[in-house]
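The values are calculated or read from the model by the stated rules, or taken from the named source; none is laboratory data. Not measured: the values here are computed from a predicted model. Note that each Cβ is placed from the backbone with ideal geometry, even for glycine, and that neighbours are counted across all protein chains shown. When the accessible area is computed, the model is the full protein with side chains, heavy atoms only, and any ligands, DNA or RNA have been set aside. Shrake-Rupley method; radii C 1.70, N 1.55, O 1.52, S 1.80 Å.
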Amino acid sequence: LFEAFKRGDSEADGTGLGLYICNDLAKQLGGSLSYQRAETGGSAFVIRVSLPHAREADLAIEKDRDDSVNLVKDKTFLLAEDTETLQLVTKIVLEKQGASVIIANHGKEALALMAERNDIDVVLTDVMMPEMNGYELTEELRHQGFDKPIIAVTGAVADDEVAAMMALGANEVIEKPIRYETLNTALQKITAE
């Protein structure tokens with residue numbers, strides 16, 4: 001139920017990533033996500049996390065942290081992602097690290113935004129989107145001469161997907177939801193090449 005691309009018998013739209021992503025977020029917070037029958041019928045999903053109170057010493061350490069290796073800070077990211085929850089989560093993660101985020105709901109919208117702007121430092125693209133997917137977006141951006149980093153983001157990183165995205169011009173492929181550390185490491189690899 002909590003694995004990527006698993007769905008029950010349903011005619012509803014969706015990719016089968018929602019519970020996988022929620023479960024991953026719960027684990028990142030040191031908690032868990034579980035299923036239970038709802039009292040009124042249907043399903044309920046319960047997240048349990050234990051959040052500690054911030055201590056003055058911890059806040060001081062965070063404030064004094066050296067950001068010299070933060071390759072996200074001061075960059076403008078174009079995020080092509082069709083899931084609103086992931087748009088919001090990614091925006092919060094990147095803005096917390098000092099980045100600016102512009103959101104496109106699919107590849108065609110991303111191309112239109114790229115035509116209007118010249119301040120995009122990094123493109124983050126979901127692989128599977130309506131109207132124009134990440135494969136098509138990456139290929140078109142490279143065809144148009146965009147030479148800055150393109151990082152593909154996918155629910156479950158598979159070797160064939162990685163190879164296909166890299167062949168079309170992506171610099172890296174990372175798993176969603178986007179974590180600052182993973183993205184920063186990917187940017188470090190790209191700048192070292």
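Filter segment 30-64 down to the residues that are assigned to a loop (DSSP other than H, G, I, E, B), open to solvent by 90 Å² or more (accessible area, probe 1.4 Å) and at pLDDT 75 or above and list them by number.
Step one: list which residues in segment 30-64 are assigned to a loop (DSSP other than H, G, I, E, B), which gives 30-31, 38-42, 49-55.
Of the ones still in play, those that are also open to solvent by 90 Å² or more (accessible area, probe 1.4 Å) are 39-40, 50-53, 55.
The answer is 39, 40, 50.
Can you confirm whether segment 141-155 contains a residue that is in contact (Cβ under 8 Å) with a residue 40 or more places away in the chain, in contact with a Phe, Trp or Tyr (Cβ under 7 Å, 6 or more places away or on another chain) and within 21 Å of residue 183 (Cβ to Cβ)? Steps first, answer last, please.
From segment 141-155, those in contact (Cβ under 8 Å) with a residue 40 or more places away in the chain are 149, 153, 155; that's our starting set.
If we keep only those that are in contact with a Phe, Trp or Tyr (Cβ under 7 Å, 6 or more places away or on another chain) as well, we get 155.
Checking which are within 21 Å of residue 183 (Cβ to Cβ) leaves us with 155.
Among the residues of segment 141-155, at least one is in contact (Cβ under 8 Å) with a residue 40 or more places away in the chain, in contact with a Phe, Trp or Tyr (Cβ under 7 Å, 6 or more places away or on another chain) and within 21 Å of residue 183 (Cβ to Cβ), which makes the answer yes.
Could you please find all residues in segment 141-162 being surrounded by fewer than 22 Cβ atoms within 10 Å (Cβ to Cβ) and part of a helix (DSSP H, G or I)?
142, 143, 159, 160, 161, 162
Under 7 Å between Cβ atoms, at least 6 apart or on separate chains: pull out the pairs that start in segment 20-37 with a residue that is touching a residue at least 60 places away in the same chain (Cβ under 8 Å) and end on any residue that is open to solvent by 30 Å² or more (accessible area, probe 1.4 Å) and not in a helix (DSSP H, G or I).
Close Cβ pairs satisfying both conditions: 20/2; 20/3.
Please specify each residue of segment 71-123 satisfying the condition of being among the hydrophobic types (A, V, I, L, M, F, W, C), surrounded by fewer than 16 Cβ atoms within 10 Å (Cβ to Cβ) and within 15 Å of the chain's Cα centre (by Cα).
Hits for segment 71-123 are 88, 92.
Within segment 122-160, how many residues are at pLDDT 95 or above, touching a Lys or Arg at 6+ places or on another chain (Cβ under 8 Å) and within 27 Å of residue 19 (Cα to Cα)?
Counting residues in segment 122-160 that are at pLDDT 95 or above, touching a Lys or Arg at 6+ places or on another chain (Cβ under 8 Å) and within 27 Å of residue 19 (Cα to Cα) gives 2.
(1) closer than 25 Å to residue 22 by Cβ; (2) free of Cβ contacts under 8 Å to residues at least 40 places away in the same chain: which one isn't true of residue 180, the others all being true?
Residue 180 satisfies every listed condition except (2).
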